[in-house]
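Asker: There's a structure below that I have some questions on.
Here, each number is a calculation from the coordinates, and none is a lab measurement. Values in this document were obtained by computation on a predicted structure and should not be read as measured data. So basically every Cβ, Gly included, is an ideal-geometry build from the backbone, and we count neighbours across all protein chains shown.
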Amino acid sequence: MGSQGDRSSDMMHARAVENPILRLLICIAAVGVLTAVLYTVPLHDRTLSAVLAFLFLVWTVSYFWGFRYALFVSLLAALAFSWLLPPVGVFFQLSDSRDIFALAAFLFIGITTSYLSDRVRREALNARRAEAAARRSEEGLREVIETMPAMAWSALPDGSNAFVNRQWAEYTGLSAEQTAGWLSTVHPEDASGHTEKWRQSLATGQPLEHEVRLRRIADGQYRWFLVRGMPLRDEHGGVLKWYGIATDIEDHKRADEALRASERELNLIINTIPALSWSARTDGTADFFNQHYLDFVGLSAEQAQDWGWTVAVHPDDLGGLAGSWQSIMATGKVGEAEARLRRFDGEYRWFLFRANPLRDESGNIVKWFGINTDITARKRAEDLLTGEKRILEMVAKGDPLNQILDGVCRFVEEQASGFLASVLLVDGGRLRHGGAPSLPRTYTDAIDGLTFGPSTGSCGTAAYRGEQVIVVDIATDPLWENYREAALPHSLRACWSTPVFSSQGKVIGTFAMYYREPRSPSSHDLETIEQITHLVGVAIERKLIQEALQRSESYLAEAQRLTHTGSWAWNVRTGAYFWSQEIFRIYDCDPRMVPTWDFLIEKTHPEDRAKIERRVKIESLKKEWKDFESDFRIVLTDETIKHLHALAHPVVDESGEITEVVGTIMDVTERKRAEEKLRRSEESLLEAQRLSHMGSWRHDIASGAVIVSPEILRIFGVQPDEDTSSAEFWFGRNHPEDQQRIRELFEKSERLKTDYEGDYRIVLTDGTIKHLHAVAHPVLSLSGELVEMIGTTIDVTERKRAEEERERLRQLETDLAHMNRVTMLGELASSLAHELNQPIAAAITSANACSRWLAHNPPDLERARAAATRIEHDGSRAAEIIQRLRAFYKTGAPPERELVDINEVAGEMLALLRDEADQHSISLRTELATQLPQIMADRVQLQQVLLNLLLNGMEAMTGRAGKLMIRSQSTEDGLLLISVSDTGVGLPCEKLDQLFRAFYTTKPQGTGMGLAISRSIIEAHGGRLWATANAERGATFHFTLPAELQP
Amino acid sequence: MSVAEVPTVFIIDDDAGMRESIHDLVESVSLHAESFSTAQGFLSGERQDGPSCLVLDVRLPDTSGLDLQQELSRAGIRIPIIFITGYADIPMTVKAMKSGAVEFLTKPFREQDLLDVIHRALRCDRGIREKQKQLAELQKRYGTLSAREDEVMNLVVSGLLNKQIAAELGASETTVKIHRGRVMQKMQAKSLPDLVRMADRLKISPHR
């Protein structure tokens, strides 16, 4: 570092000391040194020498460093000089006034001279600087002229050349001195023209500008140059000199020519290419259209100029196109826009407008070029794709088919105008309305449900034939003969129908286009039809498949619901569960919940949890999974227990890895319950057999074996070690008296394959006799062969015994009843006599009357005959009474049911009692309901009951007058109610329950059987007999009889 | 003689055979017969005002013959009743006879017995009817008397003299005489005993 600093300070010394402090130090040092020298060196006139020396120093400093330093040195010198003036050894002392004067003079001279010296120095410096600058400037200029790539020259006002630069010299090969002969280098063809031009400029003083060819000395070739010259004028306008340059424009010239040629070529090319091309100015106005363009839009170049071409743009697209064009121009980049252009014939077609900017070297846009490409086909395909997408979205969304097909029709109608689209569905042999948003409703309704055939309009025929049917004019086409009236009023004139096929090739619908004028399709129409038909087919089929899927899903869900079977899936990788609705139902949980393994385990019956978990663990450890089944129970939130049967089946991917486990869960609660019930019912059957002493058995025909239920063994008292398999064994147990009969009966049943029924006795080993009742029926094979006899045998010993007992009692009862009747009749003897007396008396009276009529003169035969008829009638009446009494007297007759009118029976009994009642001053009253149904009953028994009750009533009123009332009525619950009430002594309240007991009587001569017998009779008829006490006096006996006894 | 004078025999018997045979028997002796099965039928039916009798069965479905007899008596209908019955006990017979029955026949009866009784009853009825007719005539006459005349007649039949009557009534003897003469005239009495008999039949109680 230090060395470097030293070096730099040396350098500074070497050149000039610039630092002011250093300069001051040097000044001080110089004064010091000079003073020391003057002091030490013995001089003659030290004062003068000092003055001169110091002045010299001042001048020097002033010259080099200027006035300020000189002034500083002057002051220092004055100080030193004043010190030098006194004799040596004395410190500064101005004793002499001359000294002061000297010192002042010194200072004045010093300062003045230094100032002058400085002025001189500065002027010299400036003069030197100006000279150097002038020299440098000239050199630079020359250098510029010499080095500039143009050839420069100057000429005198007379035209003679004064100077040419090196380039000129080098190019022409002429030296500066030979410039006068420069004209020789000009191309001979240009020389005269050039000379003329130059002369003119000289004459007029106008600047020169002319293109000439100059020969290059190097190769002798001529190159084009632009020669330019300007006059240099004096203040009076006189030309002083001409200056000029010649620029080589050979390359320019050539490029220009090439450009022109290429432009011609381009024009040719542009007009021949099939695209529509154009160019536009930077302001956006068009300046060029190729012929193709003009031909296409049918405009002339003039019409299309500027903005004229926009008339061909579709009005709907014009705004968009203009906007795009503006933004393209704003960005200055290649841009595109789409719009429809009207062709000369009026048809619009889609074009892609593509604009390209043309820029100059500086990057400024000078022009726009463009090409329009016909993208109609692409556009249509795009539209179709969009439409298809839209339609498929509708399908996927599950929109109704009609809505989808309406959408298809609307979409097609958007594509072209002038027609109405219609889609019909094929449903069996009929056409169904699919979609036709633009067709009149009345027309579509008329078509809906049409049965199609070989000649049924366009659509029907198309569906029938399975091929496209083009009807150009509905008014004349024979296919429309029957449907014209439907179509023509709506001014539908043409109809092209195309069948829509499913992927299986089945006709599933038709797509039709209707026109309002007769028309045949263009190739473009056919193309559209094909595309749309395909789309319609996709829509319908997708929809049909979707519906079929939905249906099948709902069937599945229904099947699951019906069978209580749910399906599940478990994704092994994600651990996600899928449950069908039925599983949620089985688990009785919210179908929105997400099923988890923990949930399953939680729901599982605590006793089954471990089993399931162990099972799953074992299965998951296995390398190969097989289907597995499991039965377990679950407990629902309401504590219901369900039995489930689960099945699992692994799904394996290509690599053999299990990806998914699918399975089912079946609710087998009902089945379990049924099984349990069956088991219980079997148990109870055995129990029932044991309780009812009924055993069942089978006789197998093929083997001859007899298989019996345990109860049979018990009935027959069979020992466990006995062989019971043969029929002989069982027949052997029969009572000897029954053996032959039963065997024959049984064998006959087997032979004739008929039901068997037999009553017989068996004798047990201990001699006990049992009564059995056996029933059997044959089991036949499909071919009608007897396979076995199945039967039951009941031990009816007890029942037999009971029956016998019952029969005995019945007999006893009958006897008692008879006795009762006889007793009653005995009581009624007088009454009966009266009853008989009545017809007899009447007969006698009539006989008397008859005699009298006969005795008249003449005899009144008419009246006599009438009297005789009455006699006969009364006689019969008497006989009837006797008859009735006889029936009443009859002993032990079994009850005979017949249709009985209860009112009639009551009448008969009252008739019997009438005299008896009269005798006891008892009035008999009846309140018999009319229209009572007849009942099925034993007449005599009912008579007996009524008689019993009536006699009881009369007896209760013995010794006092009273009323005996008999009522009959039908009750609301379908019973007949008969009541007999008296005004007698009434009932002994405390003994009400004993009334109906046998042998209970309150009467001295009573048997005590009447009411008991009456009650058993009524109960045998399904009725009830009871007694109540009357509110006022006496008692009432009621009995009911079911009216259903009527057959 | 009007139709009403033809004697009518009413028959009430619930037994059709008996009723018809009696009816026939009555007609065979040229009597008019009307028969009913119930007492109610008889009571509600319209009866000619003329000699009649009633053949009544003791035993009837609605009320007994004896009851009907009581009822008729209470209603002031006087008609001779002949009871017929299947049997007859003494108390019943006594009761019936006491209540004014003509006869009590037991079935079967001899037809002559019945016819005799019927004739007797009709005769009796005819007599009664005659008496009633006369009484009605007397009552009609008696009705025409003024109050003073009634008083006078009352005192006359009590056996008082004119003088006594005048004193009793506070009138002059002459006035009594005039009244008395008018009474005799109005009552069409030929003599004092005749008037007394009339008063007796009219059941005018003699003045104290």
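Asker: In degrees between 0 and 90, to the nearest 10, how far off the longest principal axis of chain A does helix A:376-397 point, with axes built from Cα atoms?
Answerer: Relative to chain A, helix A:376-397 is tipped by roughly 40 degrees.
Asker: Let me ask something additional. Could you order the peptides A:907-920, A:307-320, A:818-831 from most to least packed, using the average number of other C-beta atoms within 10 Å per residue?
Answerer: Order by mean packing, descending: A:907-920, A:818-831, A:307-320.
Asker: Would you mind checking the tilt of helix A:1010-1020 against the longest principal axis of the Cα atoms of chain A, expressed as 0 to 90 degrees and rounded to 10?
Answerer: For A:1010-1020 against chain A, the angle is about 40 degrees.
Asker: Apply the Debye scattering formula to region A:295-368, with a single equal point scatterer on each alpha-carbon and no solvent, then give log10 I(q)/I(0) at q = 0.11, 0.18, 0.22, 0.26 Å⁻¹.
Answerer: -0.32, -0.78, -1.03, -1.22
Asker: Let me ask another. Taking the alpha-carbon distance from B:K98 and a cut-off under 16 Å, which aspartates and glutamates remain once sequence neighbours fewer than 8 residues away in the same chain are dropped?
Answerer: Straight-line reach from B:K98, under 16 Å: B:D67, B:E71, B:D89.
Asker: So, with +1 on the Cβ of K and R and -1 on the Cβ of D and E, and no other charges, what is the size of the charge dipole of the protein assembly as shown about its Cα centre, to the nearest 20 debye?
Answerer: In debye, rounded to 20, the protein assembly as shown gives about 4160.
Asker: Per-residue counts of other Cβ atoms within 10 Å, averaged by peptide: what ranking do you get for A:132-140, A:568-576, A:960-968, highest first?
Answerer: Put in order of decreasing packing, that is A:960-968, A:568-576, A:132-140.
Asker: A further question follows. Only Cα pairs under 8 Å and at least 6 apart count here; give the relative contact order of region B:31-114 as a rounded whole percent.
Answerer: Answer for region B:31-114 is 25 percent.
Asker: Over chain A, what is the mean sequence separation of C-alpha contacts under 8 Å (at least six apart), divided by residue count, expressed as relative contact order in percent?
Answerer: 3 percent
Asker: Rounded to the nearest angstrom and ordered from largest down, what semi-axes does the equivalent ellipsoid of chain B get from its C-alpha gyration tensor (root of 5λ)?
Answerer: So the three semi-axes of chain B are 48, 17, 14 Å.
Asker: Sticking with this one: Take the residue pairs A:K333/A:K367; B:K140/B:K163; A:K397/A:K543 and return only those whose Cα atoms are more than 18 Å apart.
Answerer: Correct reply: B:K140/B:K163.
Asker: Listed here are the pairs A:K611/A:K642; B:K131/B:K177; A:K617/A:K672; which of them are more than 25 Å apart at the Cα?
Answerer: B:K131/B:K177; A:K617/A:K672
Asker: For region A:712-854, count the residues as N, evaluate 2.2 N^0.38 Å, and divide the Cα radius of gyration by that value, please.
Answerer: With N residues counted in region A:712-854, Rg over 2.2 N^0.38 Å equals 2.11.
Asker: Kindly rank A:237-244, A:595-602, A:952-959 from highest to lowest mean number of other beta carbons found within 10 Å of each residue.
Answerer: Result, highest mean Cβ count within 10 Å first: A:952-959, A:237-244, A:595-602.
Asker: So in the protein assembly as shown, what percent of DSSP beta bridges are antiparallel if you round to the nearest 5?
Answerer: If we restrict to bridges inside the protein assembly as shown, about 85 percent are antiparallel.
Asker: Follow-up question, since we're still on this one. May I ask for the angle, rounded to the nearest 10°, between helix B:147-157 and the longest principal axis of chain B, with both axes built from Cα atoms and the value confined to 0 to 90°?
Answerer: Here the helix axis deviates by roughly 80 degrees.
Asker: Just from the alpha-carbon atoms, what are the Rg and Dmax of region B:144-201 in angstroms?
Answerer: 10.3, 30
Asker: Might you report the magnitude of the Cβ-based charge dipole of region A:96-214 about its Cα centre, with Lys and Arg at +1 and Asp and Glu at -1, to the nearest 20 debye?
Answerer: My answer is approximately 520 debye.
Asker: Okay, next question. Across peptide A:906-915, how many C-beta atoms of other chains are within 10 Å of each residue C-beta, on average?
Answerer: Shielding by partners across A:906-915 averages 1.
Asker: Given a Förster radius of 60 Å and the C-beta distance between A:K506 and A:D755 as r, what FRET efficiency does 1/(1 + (r/R0)^6) yield to the nearest 0.05?
Answerer: Efficiency, from the Cβ-Cβ distance: 0.50.
Asker: What is the P(r) of region A:655-719, as percent of Cα-Cα pairs per 10 Å bin from 0?
Answerer: In whole percents, the pair-distance histogram is 16, 25, 21, 13, 10, 9, 4, 0.
Asker: Once you compute Rg and the Kirkwood Rh from C-alpha atoms, what is the Rg to Rh ratio for region A:749-788?
Answerer: With Rh from the inverse mean 1/r over Cα pairs, Rg/Rh is 1.21.
Asker: Check the straight Cα-Cα distances from A:K603 and name the aspartates and glutamates below 12 Å, setting aside those fewer than 8 residues away within the same chain.
Answerer: Straight-distance partners of A:K603: A:D588, A:D638, A:E639.
Asker: Running Debye on the protein assembly as shown with equal point scatterers at the Cα sites and no solvent, what base-10 log of I(q)/I(0) appears at q = 0.04, 0.05, 0.06 Å⁻¹?
Answerer: Per q value, in the given order, log10 I(q)/I(0) is -0.77, -0.93, -1.02.
Asker: Treating cross-link reach as a plain straight distance, find the lysines whose alpha-carbon is under 22 Å from the alpha-carbon of A:K379, omitting any fewer than eight places away in the same chain.
Answerer: Answer for A:K379, where 22 Å is the Cα cut-off: A:K389, listed by chain and number.
Asker: Counting every Cα pair in region A:379-520, what percent are over 26 Å apart?
Answerer: That tail contains 20 percent of the Cα-Cα pairs.
Asker: Ok, one more. From other protein chains only, count the Cβ atoms within 10 Å of every residue's Cβ in A:918-925, then give the mean.
Answerer: 4
Asker: Further, regarding this structure: Plugging the Kirkwood radius over Cα pairs into Stokes-Einstein for region A:564-667, at a temperature of 25 °C and a viscosity of 0.890 mPa s, what D comes out in µm²/s?
Answerer: 173 µm²/s
Asker: Continuing with the same structure: Towards the positive end of the charge dipole of region B:154-208, with charges on Cβ (+1 Lys, Arg; -1 Asp, Glu), say which of B:G181, B:V156, B:L202 has the farthest Cα.
Answerer: Selected residue: B:L202.
Asker: When you look at the Cβ of every residue in A:830-842, what mean number of other chain Cβ atoms sits within 10 Å?
Answerer: Taking all residues of A:830-842 together, the mean is 4.
Asker: What is the ratio of the Cα radius of gyration of region A:803-859 to 2.2 N^0.38 Å, with N the residue count, to two decimals?
Answerer: For region A:803-859, the normalised Cα radius of gyration comes out at 2.25.
Asker: Between A:G986 and residues 5 or more places away or on another chain, which pairs have amide H atoms under 5 Å apart, with H built 1.01 Å from N, and which residues are they?
Answerer: A:G1034, A:A1035
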